[in-house]
Structure formats: C-alpha cells, structure tokens
Amino acid sequence: IRLINEEIKDLVSFSVSICSILFIAQDLLYFLGRHLKYNAERSCVFIFDKKKPRGAGKER
C-alpha cells in the first residue's frame, strides 16, 4: 500500500509541476508576445531617436 501511495504522490507532484510549468510558459509567451507587439515599433523609434542626439552630441 505504501509503494502505491508513493507512486501516486510522485505522479500527482509530477503532473502538477508540468501543469504549473505550462501555465507559467503560457503566461510568459502571452505577455512577451503582447509586449513585443506593443513595443516593437515604439522601442525601435525610441532607440533611433536616442542614438541620433547622443551621437551628434559626442561628435560635437
């Protein structure tokens, strides 16, 4: 009986860990996708805008 209980516990903990990992990965992918979609153009423009004045300031 003890062996069966331990096997069930292992199975449950294993499945729970897999589920939590999947949920976390899903949340991360959703957040990253939304974040990248929202900020891709803005960040590119922001980086280029930042680089231009800094470069000009350093050259002068």
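The values are calculated or read from the model by the stated rules, or taken from the named source; none is laboratory data. It should be emphasised that the depicted structure is a prediction, and the values quoted were computed from it without experimental measurement. Positions of Cβ are generated from backbone atoms using ideal geometry, with glycine treated the same way; all protein chains shown enter the neighbour counts.
Miscellaneous remarks
- Answer residue from the stretch 3-42, given it is surrounded by 10 or more Cβ atoms within 10 Å (Cβ to Cβ) and β-branched (V, I, T) and is farthest from the chain's Cα centre (by Cα) among those: I8
- Filter result for F48 (surrounded by 10 or more Cβ atoms within 10 Å (Cβ to Cβ) and either at pLDDT below 75 or not β-branched (V, I, T) (or both)): no
- If you go through the stretch 1-45 and pick out every residue that is aliphatic (A, V, I, L, M) and modelled with pLDDT of 85 or more, you end up with 11.
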